[in-house]
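Worksheet: one structure, shown below.
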Amino acid sequence: MDFLQQLGQQTLNGLSLGSIYALLALGYTMVYGVVRLINFAHGDILMVGAFVSFFVLKQWGITPVTLILSFLPAMLFCMTMGMLIEKVCYKPLRNQPRINALITAIGVSFLLENGARVIPFIGPNPRVFPTLPVVNYKILGINLSQVQVLVFIVAIGLMLLLNYIVNFTKTGKAMKAVSFDKDAAALMGINVDRIISFTFALGSSLGAAAGILFASAYPQIEPYMGIMPGLKAFIAAVFGGIGSIPGAVLGGLILGVAETLTKGFLSSQLADAIAFGLLILILVVKPSGLLGKPMGEKV
């Protein structure tokens, strides 16, 4: 029974971590689905969102209500930043070879990380993120923390909201049309530029939410904190099928569970190796990902 309880505990921890990866992976997969761009700066949006929430909570104090309310300014700030990055850095390269935009995305990532280091009120030193008092709930011998409850509620709520936006709104249907064929969508009267900006804004807002949840679960923030979660969220998006929204969620959950089970039963030093090992495995066995569909190149 002890083994089963430990297995259940590590699985629960993995689902909590995987929910954060899934939120971040959704930003990768939406942007790729619409403009065929791997936005490697997306992981650093997580860092920006965490810092915005940090400064808000320093002013308001930390309670469950203020923590939830801090999502709004962080998500709005990152939405604006996402649209600005797209307009300034990616839009001029939209008709250029994809490698140009990819290198630019890496450059934007370095700019955000090192820019944060030299901003006086952020700086290079780690900060302790405000945390809620530790409250644990026992379910069948498994501990469920207050932070994990917050992660599940926020992550599931945002995923359901995203599903509604994409599948049941006019803008969501326009996103699908632009994803399928930008030129045909433009001929049908869809404002492609506006839809692409909206996609970046939506993805960046999810990245900000993931940043607050990540900082709440692992309460130390610094300018480089988004690198590893960003890479793992990218792995989750590829694992589930880049361009597939359900695939990003599934990939994030699987990656989170695999990572925590590795830490719990093997070694914490192998956790990152397992993540990248899964990436290699899926690329070899099923390059389109678990829920992705093979796509032919237009000639």
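Between 0 and 90 degrees, rounded to the nearest ten: what's the tilt of helix 2-35 against the longest Cα principal axis of the chain?
The answer is roughly 20 degrees.
What does the net charge come to around ASP272 if you take all other residues with beta carbon closer than 10 Å to its beta carbon, with K and R at +1 and D and E at -1?
With Lys, Arg at +1 and Asp, Glu at -1, the neighbours total 0.
If you place +1 on the Cβ of every Lys and Arg, -1 on the Cβ of every Asp and Glu, and leave all else neutral, what size is the dipole of the chain about its Cα centre, to the nearest 20 Debye?
540 debye
Which listed residue (THR171, ALA271, TYR218) has the Cα farthest towards the positive end of the charge dipole for the chain, taking +1 on Lys and Arg C-beta and -1 on Asp and Glu C-beta about the Cα centre?
With unit charges placed on the Cβ atoms, the residue in question is THR171.
In whole Å, what three semi-axes, largest first, describe the equivalent ellipsoid of the stretch 1-84 built from its Cα gyration tensor (square root of 5 times each eigenvalue)?
Ellipsoid half-lengths, sorted descending, are 28, 23, 8 Å.
Name the most mobile residue of ALA186, ALA155, ALA237, meaning the one with the largest mean-square fluctuation, in a Gaussian network model of the chain with Cα contacts below 10 Å.
Highest fluctuation among the options: ALA186.
Mind checking the dipole of the stretch 169-299: about its Cα centre, +1 per Lys or Arg Cβ, -1 per Asp or Glu Cβ, Debye to the nearest 20?
For this selection, approximately 380 debye.
May I ask for the Kirkwood hydrodynamic radius of the stretch 50-132, worked out over all distinct Cα pairs and given in angstroms to one decimal? Walk me through the numbers on the way to the answer.
Values: mean 1/r = 0.0675 Å⁻¹.
Over the stretch 50-132, the inverse of the mean reciprocal pair distance is 14.8 Å.
Simple spin-label model, 7 Å along Cα-to-Cβ: LYS87 to MET188 in nm?
Spacing of the two 7 Å Cα→Cβ label points: 2.7 nm.
So how do 37-46, 173-182, 227-236, 55-64 stack up, highest first, on mean other-Cβ count within 10 Å?
On the way: 37-46: 26.8, 173-182: 17.2, 227-236: 23.1, 55-64: 14.0.
Packing order, densest peptide first, comes out as 37-46, 227-236, 173-182, 55-64.
About the Cα centre of the stretch 70-145, what is the dipole size in debye to 20, counting +1 per Lys and Arg Cβ and -1 per Asp and Glu Cβ, all else neutral?
Numbers: 7 positive and 2 negative charges, 25 e Å.
I would put it at about 120 debye.
Could I get the Rg over Rh figure for the chain? Both from C-alpha atoms, Rh via Kirkwood, rounded to two places.
On the way: Rg = 19.1 Å, Rh = 19.6 Å.
Ratio value, two decimals: 0.97.
Quick one: net charge of ALA41's neighbours, Cβ under 12 Å, K/R +1, D/E -1? Please list the in-between numbers first.
On the way: positive: none; negative: ASP44, GLU86, GLU113.
Result for the local shell: -3.
What number, rounded to the nearest 500 deg cm²/dmol, is the helix-based mean residue ellipticity at 222 nm of the chain, given -39500 (n - 2.57) per DSSP H run of at least four residues and division by all its residues?
For the chain, the value works out to -24000 deg cm²/dmol.
Contact order normalised by length for the stretch 161-299, with contacts defined as Cα pairs under 8 Å and 6 or more residues apart; what percent is it?
The normalised contact order for the stretch 161-299 reaches 16 percent.
Send over a whole-number figure in Å² for the accessible area per residue of the stretch 130-243, probe 1.4 Å.
Spelled out: the 1.4 Å probe surface of the stretch 130-243, per residue, equals 45 Å².
Distance from the Cα centre of the stretch 127-149 to that of the stretch 37-111, in angstrom?
Here the answer is 27 Å between Cα centres.
Quick check: the angle from helix 192-217's long axis to the longest principal axis of the chain, C-alpha only, nearest 10 degrees?
Taking Cα atoms only, the helix is inclined about 10 degrees.
Can you tell me what the convex hull of the Cα atoms of the stretch 1-143 projects to on average, as an area in nm²?
For the Cα atoms of the stretch 1-143, the hull's average projected area reads 11.4 nm².
Tell me the carbon and sulfur percent of the accessible area for the chain, rounded to whole percent, probe radius 1.4 Å.
On the way: 10110 of 14560 Å².
Ligands and nucleic acids excluded, carbon and sulfur reach 69 percent.
Once you've got the Cα coordinates, tell me which of LYS263/LYS293; LYS58/LYS170; LYS91/LYS286; LYS87/LYS170 are over 27 Å apart.
Pairs exceeding 27 Å: LYS263/LYS293; LYS58/LYS170; LYS91/LYS286.
By what distance, in whole Å, do the Cα atoms of the stretch 88-240 stretch along each of the three principal axes, largest value first?
Each principal axis gives a Cα extent; for the stretch 88-240 these are 57, 41, 28 Å.
Taking the Cα atoms only, what angle lies between the long axis of helix 146-168 and the longest principal axis of the chain, rounded to 10 degrees?
20 degrees
The values are calculated or read from the model by the stated rules, or taken from the named source; none is laboratory data. This structure is a prediction, so every number in the text was calculated from the model and none was measured. Note that we place each Cβ from the backbone using ideal geometry, even for glycine, and neighbour counts take in every protein chain shown. Areas reflect the complete protein model, heavy atoms only, side chains present, ligands, DNA and RNA absent. Shrake-Rupley method; radii C 1.70, N 1.55, O 1.52, S 1.80 Å.
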